Amino acid sequence: MKEITVTSPGLGATWPDSVNRRFRWPGQCLTLAEMELRKLRRDPTELLTRAIQPALWLLVFGEVFTRVRAIPTGGLPYLDFLAPGVLAQSVLFIAIFYGIAVIWERDLGLVHKLLVSPASRAALVLGKALSAGVRALAQAGLVYLLAWLLGVKINWHPLALLGVALTVLLGAAVFSTFSLIIACLVKTRERFMGIGQILTMPLFFASNAMYPVAIMPDWLKVMAHVNPLTYEVDAMRALMIQGGATVYGVGADFAVLFLGMAVLTALGARLYPKLAR
C-alpha cells in the first residue's frame, strides 16, 4: 500500500493512506487550540481584565442579595447559588464575541489559508470552538479561586471538577459556533459587535443564572427552556457546589449542550467558507 510521509502534526499534515480520515480531526482541532494557547501565553493580562466582571457580580450583586434573601435558592446561600451562574456568564461572554476574532482573521488573510488546508470545514469550526473552550477554562480557574476566597462551598471532587470542565467546554463550543455563524452572515466587525451586544444580556437574564426558572413569568420560562445557557448553569450548579441540585438532570443537560454543539457545528461548517467571500 502506498504511504504518504507525515510532514507536520498540524493542519497542513499529510497522512498515510491507511490512516482513517476520522483520526485527523483531533489533531486538526488541537492545532487550532494550541494556537490559542500561544496567544494567551503572550498576553496573559487579558485573563485578568476579563476577571473584573465576574468579580463585580460576586462581590457586589452576590453579597447584597445574600443579605436580602429575596430569591428562593433551595437552601443554598445565594452566593453559592450565583457562583455557577457567574461562571456560565463568563463562558458566554468569552464565546459569544469569538466571532469577531474570525472576522479579524479574515481581514488578515488567515481564513483563506485555513480554507485551503487539508482540514475539513467541520474540523476548523470545532477547532475554533475548542480554542474558545481553552480561554473559558482559564477563566473558570479564576472564578473558582474568587468563589473560594468568598467562602463558596465548592465541590472539589475530581469527577465534579472534570464534569465542570466538560460543561465549560461544551458551553463555549455552543456559543462560539453560534458566534461564528453570526460572523459568517454579517461579515463586518461593526454589525457583529452590535448583534453580540444585543444577544448577551437576553441570553443571560433569560436563564437560571441569577434566579430559578420556577419564579419566572410564563413567557420567560419558555425562553429559558430553549436557552442553552440554562442547561449549562444547571449542570454547573449540580457539579460545582456542595449540596447543589439539578432541575433537569446532568445527563439531560449534557445531551442538550452536545446536540446544540452538533447542530451549530454542522451549520457553521456550511457557512464558514462564505466568510472569505
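The values are calculated or read from the model by the stated rules, or taken from the named source; none is laboratory data. These numbers were taken from a predicted model, which means no experiment stands behind them. Positions of Cβ are generated from backbone atoms using ideal geometry, with glycine treated the same way; all protein chains shown enter the neighbour counts.
Name the residue, out of ALA88, ALA101, ALA83, ALA95, that is touching a strand residue (DSSP E or B) at 6+ places or on another chain (Cβ under 9 Å), crowded, with 17+ Cβ neighbours inside 10 Å and at pLDDT 70 or above.
Working: ALA88 fails: touching a strand residue (DSSP E or B) at 6+ places or on another chain (Cβ under 9 Å); ALA101 fails: touching a strand residue (DSSP E or B) at 6+ places or on another chain (Cβ under 9 Å); ALA95 fails: touching a strand residue (DSSP E or B) at 6+ places or on another chain (Cβ under 9 Å).
None of the others qualify; the one that does is ALA83.
Could you identify the single residue in THR200, THR265 that is closer than 25 Å to LEU79 by Cα, assigned to a helix (DSSP H, G or I) and hydroxyl-bearing (Ser, Thr, Tyr)?
Criteria check complete, one pass: THR200.
Answer yes if at least one residue in region 153-175 is assigned to a helix (DSSP H, G or I), under 21 Å from ALA255 (Cβ atoms) and at pLDDT below 85, and no otherwise.
Scanning region 153-175, I find no residue that is assigned to a helix (DSSP H, G or I), under 21 Å from ALA255 (Cβ atoms) and at pLDDT below 85, so the answer is no.
Scan PHE65, PHE93 and give me the residue that is assigned to a helix (DSSP H, G or I), touching a helix residue (DSSP H, G or I) at 6+ places or on another chain (Cβ under 9 Å) and without any contact (Cβ under 8 Å) to a residue 60 or more places away in the chain. Explain how you work it out, then say what you get.
Values: PHE93 fails: without any contact (Cβ under 8 Å) to a residue 60 or more places away in the chain.
Going through PHE65, PHE93 in turn, just one is assigned to a helix (DSSP H, G or I), touching a helix residue (DSSP H, G or I) at 6+ places or on another chain (Cβ under 9 Å) and without any contact (Cβ under 8 Å) to a residue 60 or more places away in the chain: PHE65.
Just one of (1) closer than 25 Å to ARG270 by Cα; (2) exposed (fewer than 15 other Cβ atoms within 10 Å of the Cβ) trips up TRP148, so point out which.
Condition (1) is where TRP148 drops out.
Tell me whether region 245-253 contains one or more residues that are more than 17 Å from ASP80 (Cβ to Cβ), in a helix (DSSP H, G or I) and in contact (Cβ under 8 Å) with a residue 40 or more places away in the chain. If you could, list the steps in order and put the result at the bottom.
Quick first cut of region 245-253, residues more than 17 Å from ASP80 (Cβ to Cβ) only: 248-253.
When the remaining residues are screened for being in a helix (DSSP H, G or I), the result is 250-253.
Of the ones still in play, those that are also in contact (Cβ under 8 Å) with a residue 40 or more places away in the chain are 250, 253.
Yes, because at least one residue in region 245-253 is more than 17 Å from ASP80 (Cβ to Cβ), in a helix (DSSP H, G or I) and in contact (Cβ under 8 Å) with a residue 40 or more places away in the chain.
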